[in-house]
Amino acid sequence: MSRIFLRAAAVAFASVAVSLLLTLIVVPAMGFPMSRTVWLASTVCPLVLAWAASASSFWQSDRLQNAHRELARAHAQLAAAHRRLSEKASRDDMTGMLNRETFFAALDGSRRKSDRGALLIIDADHFKRINDSYGHLTGDEALLLIAGAIERGVRSGDVLGRIGGEEFAAFLVGASEPEAKHVAERIRREVELIRFRPVDERTVPLTVSIGGISCGESAAVSDLMRAADRRLYEAKNRGRNLSILDRELPEAA
């Protein structure tokens, strides 16, 4: 507020100076004497009027600037909240991986940027048995351990998602078939090495079956999913705790 008064005072004194200068020029030129009344009028009137007008103007301007700053701050907070909500909506609450819808959107976007890649479908073996034997809370603990093992097994930049209850997916961006097989086997081994021991219970083995497909740029997501699912079911039927990858899908004509 003091800043407003000082600025208004500066304007008022400048107005008085201009008024006195004009009075000294105009009044004698018109043939009138320079009386006390003329001096007071040329001093007091601009002093009061200019100060009041400029103080009101500066006060309103200051209020508008404060309002604009508050609006900008509120907009920034809303934008940050929107980003947080969008991020939360795109993630699986338990594992923090991308949820099903977001994973497939990210898969489609990543696949368009790279002419190579591989899709892995990863399913926890006999997971219903764990839930039925030890309860769903214990099952959730096992699922988090498996999710952590998958994250350790993939490469930096690969896309991970939880696409079902105990089913995960990974898109290995730019991976060749040998690279994809290596990553799939590393994931399988990381899960197999977990020593999961529910409270007061013996160690419960955790394993996953993995089906995968190498793909080119033009392969449809639905085709990739069907091909990877076929290999996953094959791994399940052959005894589980296996990773099976197929060759690259033929590119669409």
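Could you list, in sequence order, the residues of the range 219-240 that are part of a helix (DSSP H, G or I) and open to solvent by less than 40 Å² (accessible area, probe 1.4 Å)? Full working, then the answer.
Pass one, the range 219-240, residues part of a helix (DSSP H, G or I): 221-237.
Selection gives 221, 224, 225, 227, 228, 229, 232, 235, 236.
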**Q.** Residue that is in a loop (DSSP other than H, G, I, E, B), out of contact with any helix residue (DSSP H, G or I) (no Cβ under 6 Å at 6 or more places or on another chain) and either of a type in the set (Lys, Arg) or farther than 14 Å from residue 116 by Cα (or both), where the choices are 202, 189
**A.** 202
Q: Among the residues of the range 173-224, write down those that are in contact (Cβ under 8 Å) with a residue 40 or more places away in the chain, over 29 Å from residue 140 (Cβ atoms) and of a type outside the set (A, V, I, L, M).
A: 174, 176, 177, 179, 181, 214, 215, 216, 217
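Find the helices (runs of 4 or more DSSP H) located wholly in the range 85-172 whose residues include 2 or more that are over 24 Å from the mean Cα position of the chain (by Cα) and surrounded by fewer than 21 Cβ atoms within 10 Å (Cβ to Cβ), and list them.
Details: elements: 100-113, 127-134, 136-153.
Hits in the range 85-172: 127-134, 136-153.
The values are calculated or read from the model by the stated rules, or taken from the named source; none is laboratory data. Being a predicted model, the structure only gives us computed values, none of them experimental. When we count neighbours, we look across all protein chains shown, and the Cβ atoms used for this are built from the backbone with ideal geometry, even at glycine. Quick note on the areas: whole protein, heavy atoms, side chains included, nothing else; ligands and nucleic acids left out. Shrake-Rupley method; radii C 1.70, N 1.55, O 1.52, S 1.80 Å.
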